[in-house]
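Dumping the structure here so I can ask a few things about it.
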Protein chains: 2
Amino acid sequence: METLRSLVPSINSLVVFEAAGRLSSFTAASRELGMTQAAVSYAIARLEEHLGATLFLREYRRVRLTEAGERFHADVSIGLSHIHRSARDLRAVTTGSHVTLSCSTAFASFWMVPRMAQFREELPHIDLRIQTSDHDLDLLGEGIPLAVRGGDPNHWPNYLSEPLAPEEIYPVCGAGYLAGRSAPMTEADLLLHQLIHLEEPYRTAATWADWFSAVGIDRRRIPKGLQINDYVLVIQSVLAGQGVALGWRHLVGGLVDSGVLVRLTNHVLTTGLQFHVIWPRDISMSQCAQQVREWLLAQPRV
Amino acid sequence: METLRSLVPSINSLVVFEAAGRLSSFTAASRELGMTQAAVSYAIARLEEHLGATLFLREYRRVRLTEAGERFHADVSIGLSHIHRSARDLRAVTTGSHVTLSCSTAFASFWMVPRMAQFREELPHIDLRIQTSDHDLDLLGEGIPLAVRGGDPNHWPNYLSEPLAPEEIYPVCGAGYLAGRSAPMTEADLLLHQLIHLEEPYRTAATWADWFSAVGIDRRRIPKGLQINDYVLVIQSVLAGQGVALGWRHLVGGLVDSGVLVRLTNHVLTTGLQFHVIWPRDISMSQCAQQVREWLLAQPRV
DNA sequence: GGTTTCCATAAATACAGCTTATCAAGTTTA
DNA sequence: TAAACTTGATAAGCTGTATTTATGGAAACC
């Protein structure tokens, strides 16, 4: 079969043709493409010669696509724009002044937000955009250079990663919650409290069942309580004194330290998993994204 | 906006990338493209460098597209194949061993068929394909280099043309039709005969009304008769002795000369229009198509 | 009639893309 | 275990094509 290369003198000439056709002017096309008018004229002439078709009618001070040229132009435009868009998406990850970080709403609220002031101070030139999503979206497809995800890196073969924090879980309640209540002495005492459950709609997260199992308490003994599907709302409920929830150390550690949340019992569920900063393996990162990654990883571990 | 040129090192590299991705091998791609393996390796390396993305994983004795590469490859393939198809269609008109001639079924039957033996003798190397259509199809769109059409060349600004025969119309009947009937002496006598009408569904052709008008006979006096929508069938009906029809000289002249059809009356309706050989203006013709055109125009006028 | 603004053409030039040559790596096989 | 084979990477150098520079011609417009 005739290859595309044999059909046209050079694929580059198609780009010239596209611009010339769109602008109906060789001179304008040459300006747009940053080359001389002669080069455009030459490229078009060779393309026409090669295809054996007149693509342009040379009129006074302009050129006009012939009918055949019009048809070909439409197809070339479609083809090139398709490629153009794809190439632009690829590059979007690696360049650009802004950096998009994909993470959960919980991570955004409890980890990023408290550190944003410091971020602005240390990396003032970077326009950081946090994209929260509780789906595990496709960074490559979305053109996002950086994300925070919990889990096993082996599950993301197309991404490189660096651990940010281990997954450690303990019960917390609001500072005022214990007033008028007796603090639980043992893990089993917690069964008598108002438990707030996180019901992740898309991901699977550790639950009260996991936590109680780890201390040898049968999951069937766990009372039903408040079911909330967003971790930010879970913690807000806890802060409002509505009950006890599981706290992820890397998220709530700061609140515990400042005293607005209170740890209950001494048991910590350690899943062995880590939260990671991850980025697409095959795509080189922009300077800015690299700086953001280094900044994330340099934050003191809670 | 970033132009496509700035996104990729050269558009040619996309062709190399497409082949390499499809074949999962630089060496195989180099063979297909008729270049060296080194050139492919170099082109891909530059493309990756330019896009800032790793497109291939180099494995033992093969390369494999990365996820990002896969995505980009799909888009590039689509884009290039779109252009490829369009370019091929353009070229199909100008090259190729066969020549397609578009004409009406009537012209095919009564003009081409009687001359085909001679055509084969004079241009044996040409694979002539006659495409009959009673629509006025778009030669450019169909990739057809040559057609025969009646009418005014000014109506086809995108085509060049050369007249083949004037439009001359006279009544004819079958050789046996007059047996037992009195031959019409005047044009008006024809009104007493069984007239066969051609009812062109798509084009407008001259009718009995036109013919009678030209000799000063009111169209309202014309009797209804057989209505047939294909001129080939009209003439077959006439040959079968079913009645009298209008005969176009360039089509039925040969049948009249050989005696199987008989001209009636002396009046000839000359519309002033011509039948033309036409071809797309903007597309250069293949050698073969040119020969066919010259052959058509060199045929002795009936 | 001069001016302007397009496109075409010719000659000269630069440099991208290609080839040649060689190396490295990894699997097969002997 | 080492030699052979295949495939990709790399370096250096060459070639040819795309581009520029320079010029001319045509068509409108003032």
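Work out the length of the dipole vector of region B:166-273 about its Cα centre, built from +1 on the beta-carbon of each Lys and Arg and -1 on the beta-carbon of each Asp and Glu, and round it to the nearest 20 debye.
In debye, rounded to 20, region B:166-273 gives about 240.
Separate question: Test of understanding: in a Gaussian network model of chain B with alpha carbons linked when under 10 Å, which of B:Asp152, B:Asp138, B:Asp75 would top the mean-square fluctuation ranking?
B:Asp75
Shape of the protein assembly as shown from its Cα gyration tensor (a ≥ b ≥ c, root eigenvalues): rounded if a/c is under 1.5, otherwise prolate when a/b > b/c, or oblate?
Prolate is the answer for the protein assembly as shown, as a/c is 1.5 or above and a/b outweighs b/c.
Please compute the Kirkwood hydrodynamic radius over chain A, one decimal place, Å, based on all pairs of different Cα atoms.
After inverting the pairwise mean of 1/r, the radius is 23.8 Å.
When chain B is modelled as a GNM with alpha-carbon springs shorter than 10 Å, which of B:Pro184, B:Pro163, B:Pro153 fluctuates the most?
Largest GNM mean-square fluctuation: B:Pro184.
Are there trypsin sites (Lys or Arg not before Pro) in region B:1-66 that DSSP puts in a loop and that have at most 14 other Cβ atoms within 10 Å, and which ones?
Sites meeting the loop and neighbour criteria: B:Arg61.
Continuing with the same structure: May I ask you to give the solvent-accessible area per residue for chain A, in square angstrom, as obtained with a 1.4 angstrom probe?
That works out to 47 Å² per residue.
Hey, in the GNM for chain B with a 10 angstrom Cα cutoff, which one of B:Leu14, B:Leu123, B:Leu226 fluctuates hardest?
Most flexible of the set in this elastic network: B:Leu14.
Next question, about the same structure. Find which of B:Gly34, B:Ser77, B:Leu23 sits farthest along the positive direction of the dipole of region B:4-94, computed with +1 on the beta-carbon of Lys and Arg, -1 on that of Asp and Glu, about the Cα centre.
B:Gly34
For region A:65-82, in order, what is each residue's ³J(HN,Hα) by Karplus, 6.51 cos²θ - 1.76 cosθ + 1.60 with θ = phi - 60°, in whole Hz (x at glycine and Pro)?
5, 6, 5, 4, x, 4, 4, 5, 4, 4, 5, 5, 4, 4, x, 5, 5, 4
With a Förster radius of 41 Å, plug the Cβ-Cβ distance of B:His50 and A:Glu199 into 1/(1 + (r/R0)^6) and report the FRET value to the nearest 0.05.
Given R0 = 41 Å and the Cβ-Cβ separation, E is 0.30.
Rounded, prolate or oblate, given the Cα gyration tensor of region B:166-273, with a/c below 1.5 counting as rounded?
In terms of gyration-tensor shape, rounded.
Counting only the backbone N, which residues of region A:262-280 are under 12 Å from the spot 7 Å out from the Cα of A:Met185 toward its beta-carbon?
Residues passing the 12 Å test: none.
Which far-off residues, 5 or more places away or on another chain, put their amide H under 5 Å from the one on B:Leu195, with H placed in the peptide plane?
B:Leu226, B:Val244
What is the extension gain from B:Ala74 to B:Glu142, computed as 0.36 nm multiplied by their sequence separation minus the C-alpha to C-alpha distance, in nm to one decimal?
So the chain would gain 21.6 nm between B:Ala74 and B:Glu142.
Between the DSSP loop rule and a limit of at most 16 other Cβ atoms within 10 Å, which GluC sites (Glu not before Pro) in region A:1-92 are left?
Loop-located and lightly packed - A:Glu2.
Additional query: Classify region B:4-94 as rounded, prolate or oblate from the Cα gyration tensor: take a ≥ b ≥ c as the square roots of its eigenvalues, call it rounded if a/c is under 1.5, otherwise prolate when a/b beats b/c and oblate if not.
prolate
Restrict the search to region B:176-264; then list the trypsin sites (Lys or Arg not before Pro) that DSSP places in a loop and that have at most 15 other Cβ atoms within 10 Å of their Cβ.
Passing both the DSSP loop test and the Cβ count: B:Arg181, B:Arg203, B:Lys224.
Would you work out which of B:Met285, B:Thr204, B:Ser104 lies farthest towards the positive end of the dipole of chain B, given +1 charges on the beta-carbon of Lys and Arg and -1 on that of Asp and Glu, about the Cα centre?
B:Met285
Oh, and also: Roughly how big is chain B's charge dipole about its Cα centre, with Cβ charges of +1 (Lys, Arg) and -1 (Asp, Glu), in debye to the nearest 20?
Dipole of chain B, to the nearest 20 debye: 460 debye.
How large is the dipole of the protein assembly as shown about the Cα centre if only Lys and Arg carry +1 and Asp and Glu carry -1, each at its Cβ, rounded to the nearest 20 debye?
Once rounded to the nearest 20, the dipole reads 240 debye.
Separate question: Taking the label point 7 Å from Cα in the Cβ direction, how far apart in nm is A:Pro124 from each other copy of itself, listed shortest first?
Sorted ascending, the copy-to-copy spacings read 9.0 nm.
Another question, if that's okay. Determine the calculated [θ] at 222 nm for the protein assembly as shown from helices alone, applying -39500 (n - 2.57) to every DSSP H run no shorter than 4 residues and normalising by the residue count; nearest 500 deg cm²/dmol.
Result for the protein assembly as shown: -12000 deg cm²/dmol, rounded to the nearest 500.
The values are calculated or read from the model by the stated rules, or taken from the named source; none is laboratory data. These numbers were taken from a predicted model, which means no experiment stands behind them. All Cβ positions, glycine included, derive from the backbone under ideal geometry; neighbour counts span all protein chains shown. Accessible surface areas use protein heavy atoms only, side chains included; no ligands, DNA or RNA. Shrake-Rupley method; radii C 1.70, N 1.55, O 1.52, S 1.80 Å.
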